[in-house]
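Here is the structure we will look at.
Each reported figure results from applying straightforward, stated rules to the coordinates on display, with no laboratory input. As the structure is a prediction and not an experimental result, all values here were calculated from the model. Using ideal geometry, Cβ is built from the backbone for each residue, glycine included, and neighbour counts are taken over all protein chains shown.
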Amino acid sequence: MSLSIAIKSFLHLELSNEELMGRYVQSGDAALLARLYDNCANDLYHYLLTNSDPEMAGEIAQRAWLRVMEKRHLYHSNGQFKAWLFTLARNLLMDEYRRIKRQPLMESTDLSGTSTGYQGDIQLAFNQALATLPFLQREAFVLQQEGFGLQDIAAITGDSQEAIKSRLRYAKNHLRQQLGDHSEE
């Protein structure tokens with residue numbers, strides 16, 4: 001194997017988000033940031049979309065990535081990058097809600113999409129049930145669905161793990177009640 005092939009294969013190893021961010025902190029290389037964006041942008045937008053409207057979700061997501069660039073020196077490699085990113089985004093979202101002096105999406109949101117057929121009916125019912133959850137329960141549930149554990153959710157929201165457990169329990173019970181008719185079909 002030639003040295004150039006070995007170097008190329010070494011450079012194309014799949015790096016974790018934490019490794020990418022660690023390298024980005026050191027170098028400021030935009031290509032590393034682009035890979036982080038590719039890995040996390042959709043999940044971040046989905047989280048923000050379930051807790052705000054599409055326009056605000058896009059705006060906050062963009063500001064969160066700008067914050068990653070501005071505050072990269074504050075990232076500590078002992079934590080999960082995605083949790084740090086979601087924490088930045090959540091703080092920006094809450095700041096925005098405070099700025100416009102309104103409660104975070106307590107009103108119902110149209111998460112319905114345009115699905116049709118049986119699967120579409122279930123998805124529509126789930127989205128409607130999710131939209132009726134109080135903000136803190138919906139947020140905890142969505143973060144869990146994004147793959148975060150209790151400790152990460154508690155860190156992102158700034159609440160205790162016990163509070164997160166309660167929110168998740170209430171959210172799941174509410175969703176079971178709302179989706180009872182669909183779960184038996």
TODO: Give the calculated FRET efficiency between residue 96 and residue 37 to the nearest 0.05, with a Förster radius of 22 Å applied to their Cβ-Cβ distance.
DONE: 0.55
TODO: Output the peptides 17-24, 136-143, 93-100 sorted from most to least packed, where packing is the average of other Cβ atoms within 10 Å over each peptide's residues.
DONE: 136-143, 17-24, 93-100
- [ ] Sort the stretch 15-105 into rounded, prolate or oblate with this rule: let a ≥ b ≥ c be the square roots of the eigenvalues of the Cα gyration tensor; rounded if a/c is under 1.5, and if a/c is not under 1.5, prolate when a/b is larger than b/c, oblate otherwise.
- [x] prolate
TODO: Work out how much length residue 26 to residue 121 would gain on full extension: take 0.36 nm times their residue separation and subtract the Cα-Cα distance, in nm to one decimal.
DONE: 29.4 nm
TODO: Note the full-extension length gain between residue 53 and residue 16 as 0.36 nm times their separation in residues minus their Cα-Cα distance, in nm to one decimal.
DONE: 10.3 nm
